[in-house]
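First the structure, in the form of structure tokens, and then the observations on it.
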Amino acid sequence: MELSLKGERCFTDKCAIKRRAYPPGQHGQGRIKVTDYGTQLREKQKVRRIYGILEKQFRGYFEKADRMKGVTGENLLILLETRLDNVVYRLGFASSRGEARILVRHGHFVVNGRKVNIPSFQVRPGTVIELREKSRAVACINESLDAVVRRGTPQWLELDKTAFKGVMKIVPVREDITQPIQEQLIVELYSK
């Protein structure tokens, strides 16, 4: 499955998944019998790779989502979507989540007037994310903002391209998360 981890390359014909829909190597085209556990594990690994999170941190997010009111799987996806690096990517300041993580880590963003360089920072409704004055000339950020028209901005975020500023209006709901994720499989995996 294509996860769009390589940014713009996945939208062109050079995407490896579009060229070859099977794993690399001599045994890539063989038949594989997948168990229920294998399907659940594959789904969890897919979500981890989409958001760029290691296992221990992902487990912590799951436990936090399990303690929250509501559906555990949806709570997990909301926690992952409201990470600062993901919000920066969704606003269009970066072409991929990995690039957004690097930009946040290097201190290019200000959250509610304070410099934040922690990619896992949880963004809440009403939070203003702004590009620092010194960082407004960075080429990759400007290129990504120009390409945001094609990708679009989610309904739960508001972007002001001229002021290099974005606001999280509301908490995203499951319908706003367009990734092909079956969160119920992850809940079943961790419930064993």
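The values are calculated or read from the model by the stated rules, or taken from the named source; none is laboratory data. Please read these numbers as outputs of a predicted model, since none were measured by experiment. Counting neighbours? That spans all protein chains shown, and the Cβs are built from the backbone with ideal geometry, glycine included.
The combined condition, being of a type in the set (Phe, Trp, Tyr) and either in contact (Cβ under 8 Å) with a residue 60 or more places away in the chain or in contact with a Gly (Cβ under 6 Å, 6 or more places away or on another chain) (or both), is fulfilled by Phe93. Count of the stretch 28-47 residues, restricted to those that are of a type in the set (Val, Ile, Thr), in a helix (DSSP H, G or I) and either surrounded by fewer than 13 Cβ atoms within 10 Å (Cβ to Cβ) or under 15 Å from the mean Cα position of the chain (by Cα) (or both), is 1. Residue by residue through the stretch 1-23, note down the ones that are assigned to a loop (DSSP other than H, G, I, E, B), over 24 Å from Glu143 (Cβ atoms) and at pLDDT 70 or above. Of everything in the stretch 1-23, those that are assigned to a loop (DSSP other than H, G, I, E, B), over 24 Å from Glu143 (Cβ atoms) and at pLDDT 70 or above turn out to be Arg20, Ala21, Tyr22, Pro23.
None of Ser144, Ser135 is hydroxyl-bearing (Ser, Thr, Tyr), over 19 Å from Ile50 (Cα atoms) and outside any loop (DSSP other than H, G, I, E, B) except Ser135.
Among residues of the stretch 147-172 being assigned to a loop (DSSP other than H, G, I, E, B), more than 16 Å from the chain's Cα centre (by Cα) and of a type in the set (A, V, I, L, M, F, W, C), the one that is farthest from Arg114 (Cα to Cα) is Ile170. Taken over the stretch 174-192, the residue count meeting the criterion of being part of a loop (DSSP other than H, G, I, E, B) and free of Cβ contacts under 8 Å to residues at least 40 places away in the same chain is 3. In the stretch 172-192, the qualifying residues are those that are among the β-branched types (Val, Ile, Thr) and touching a Lys or Arg at 6+ places or on another chain (Cβ under 8 Å), and the one that is surrounded by the fewest Cβ atoms within 10 Å (Cβ to Cβ) is Ile181. Considering the conditions (1) over 30 Å from Asp146 (Cβ atoms); (2) buried (at least 16 other Cβ atoms within 10 Å of the Cβ); (3) touching a Gly at 6+ places or on another chain (Cβ under 9 Å); (4) among the hydroxyl-bearing types (Ser, Thr, Tyr), Tyr22 is excluded by exactly one of them, (2). The residue that is nearest to Val167 (Cα to Cα), among those in the stretch 63-98 that are among the acidic types (Asp, Glu) and in contact with a helix residue (DSSP H, G or I) (Cβ under 7 Å, 6 or more places away or on another chain), is Asp85.
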